[in-house]
Structures are given as C-alpha cells and as structure tokens.
Amino acid sequence: MPASIRRQATRNYAKVIAQNQTKIEQAIIGIAGSLTPLIDLDDLHTWTYATLNPLSPMLLVPSVSGAYLTTITDDMPTTYGGVCMTNSETTFSNCLQGIHLRNFVNTNTNGGPVCAVTNTTFTSTGELWYPFDQVPNVSRSEVGIELLGYKNLTVLQSDPVGIPNFANLKYGIRSIASHQINLRWLMFDQNNVGVSSLGVFLDPLVNTFNTTYCTFNECRIGIQATGSNMRILENRINPIPAGTTTSGMLTDLGILLRGCLFDVRHNEINQSTIGIGLLSNRKTPNLVKLNRFTFDDRCMGFWRQRKYN
C-alpha cells in the first residue's frame, strides 16, 4: 500500500500520509488517529447484534457499531492520537469507518493545520466483511470520517470533478465535540446523513463547523447539527430523481439545526419535505438569507424558536 507513517521528533504525534492513489478496503477503521486496542470480531458481532439501534437518524445518535468502537477505545489509558494526510485520489472502500480522528489539536507552531484530508473518496457497496455480513441492517459503511474532540481540520476536493467523495454511507462526516471543522467543494451521494455535528455540552460557541460549496445528492438528511456553530454557505441539496429508487431514501430534510448558532446563506435546496428545519435555537444572532427553495413541501419549519432573523 503506497502509504507512509512519519513520527515528528518534537511533537507527540505520528502522521499517516496516504498518497499516490492509495486504496484501503474492508477495514474496521481505515486510518485511526488514536490509540486503539485489538478488536475481537466475535465480540463486535455479538455486541452489535444485541444492541441494534431502532432510532431514526434524525435523532443524532451514533449507530451501534460506532458506539462499540467508542466504548472500547475509551477504556484505553489514552486515546489521544495523531493526524493523517490523505490526497492524490485516496480511496476507502467498504470500511466500517474510513478515518477516525479524536482528541487532538491539529495546529502547527505557526497556527496553521498540520495536515488536511483532500481529494479522498469514501464509498460502500453494501458488502462489509465479517462480522457485519452476519448482522441485519449493518451492511453499509457507517461513516467516512469520524471526529471526536478534534480541532482544526479541513476536508476538501481541491479540483472538483463531479465524482462523489462520500457515497452510500450511513454518515458522510460525523463530528462530536469538534471545533474549527471546514468542508469545501465536497460531494455527498446517497448517504443517510451527509454531514452531522453534535456539540459538547450543547454549547455552539465551542463547536464551529463551516460547510461551503458542497453538493448533497439523494441524502435523507443533507446537514444536521445540535449545539454547534454552523456556517452553511453556497451548498446545493438535491433529491432522488423522479422515478428512481437507487438508494431507497427520500430527502426528508435539507438542513436540520437544533440548539445552534447559524449563518445559512445562498444555498439551493430542491424537493425536500422540509428545506430548513430549526428547532430550539435560543441564541442570537442567527441568519437565514438568500436561499433558494425549489418544489419543497415546506421551505422552512420552526419549532420552539426564541429569536431569529
């Protein structure tokens, strides 16, 4: 595999660099930026099968396989990890989780990021290996990029070519208690949820998330967030084309924000049940402006709002 691992002499982290068309397939975690133990596949099978999560993805809860990985890694003496750089058409195929990064400030001595995830594809064909082929409803990759307590990461497609970066996953990108996450020029196709952010202590001031110039095709939910500071600009959210059933999902929600600070401008949302849903967003100022809605059942929905512009 054309990937390299480098250890910095002056900083307590390792850097994984995947380049030159690296392809990682059928892994539980493709690249783990944290100390992780050996995983017993039979235990993982038993745990997952016994605790299948019946809840809707709208409720912002991790699915069971990810909860298991979090449980076993949290039992380790330290789960503080390093960083990874992927570029040059790196592909993660049929991995339970593509990249897993946690508990790290990805900043160099000059204040810039140590590295980024660029020109990288995460895809699932519904053919996960054991133990997931033995468990109902766990046949698809869970998440492309999982972030837990991570700070300062950019994920982008530097030269947009119309090829999806996140395809047929449960979550494209799932972020929990992470800060200064920047997504640009990405394409999400046929995911249950494109982008998901859950803030620590539900305080949006310490959980900033920027999504700009991204395209979401045939996702049940394009962007969802709870307790986060969301800047959502110039994105496009498209439904399943009429008469097709490629993913078996409807576009229920373009954007769902709960308990957030937000700046939502210049987005195009097409044929969603609800274009933008706002729930219990109590802090100000918040802004929704100059968005375009086409054939949405409801352009916007408000529940338990205190103040908004």
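The values are calculated or read from the model by the stated rules, or taken from the named source; none is laboratory data. If you're wondering where the values come from, they're calculated on a predicted model, not measured in any experiment. Cβ coordinates were reconstructed from backbone atoms using ideal geometry, including for glycine residues, and neighbour counts include every protein chain displayed.
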Filtering the stretch 168-180 for residues that are under 15 Å from R231 (Cα atoms) and either modelled with pLDDT of 95 or more or over 11 Å from the mean Cα position of the chain (by Cα) (or both) leaves a count of 3
Listed residues L147, L183, L156; which is within 22 Å of N103 (Cα to Cα), touching a Cys at 6+ places or on another chain (Cβ under 7 Å) and without any contact (Cβ under 8 Å) to a residue 60 or more places away in the chain? L183
Restricting the first residue to the stretch 283-299 and requiring it to be within 11 Å of H266 (Cβ to Cβ), which pairs with a second residue that is basic (K, R) and modelled with pLDDT of 85 or more meet a Cβ separation below 6 Å and a spacing of at least six or different chains? K289/R265; L290/R265
Candidate set from the stretch 182-232 (those that are among the β-branched types (V, I, T), modelled with pLDDT of 95 or more and under 12 Å from the mean Cα position of the chain (by Cα)); member that is nearest to G112 (Cα to Cα): T211
Anything in the stretch 233-244 that is at pLDDT 90 or above and in a loop (DSSP other than H, G, I, E, B)? List them, or say none. E234, N235
Might you let me know whether the stretch 182-191 holds any residue that is surrounded by fewer than 24 Cβ atoms within 10 Å (Cβ to Cβ) and charged (D, E, K, R)? yes
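Kindly indicate which of N103, N165 is closer than 25 Å to M230 by Cβ and under 15 Å from the mean Cα position of the chain (by Cα).
N165
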Could you please tell me which pairs satisfy a Cβ distance under 7 Å, a separation of 6+ or placement on different chains, a first residue in the stretch 85-99 that is closer than 17 Å to L148 by Cα, and a second residue that is among the polar types (S, T, N, Q)? L96/S65; L96/S141
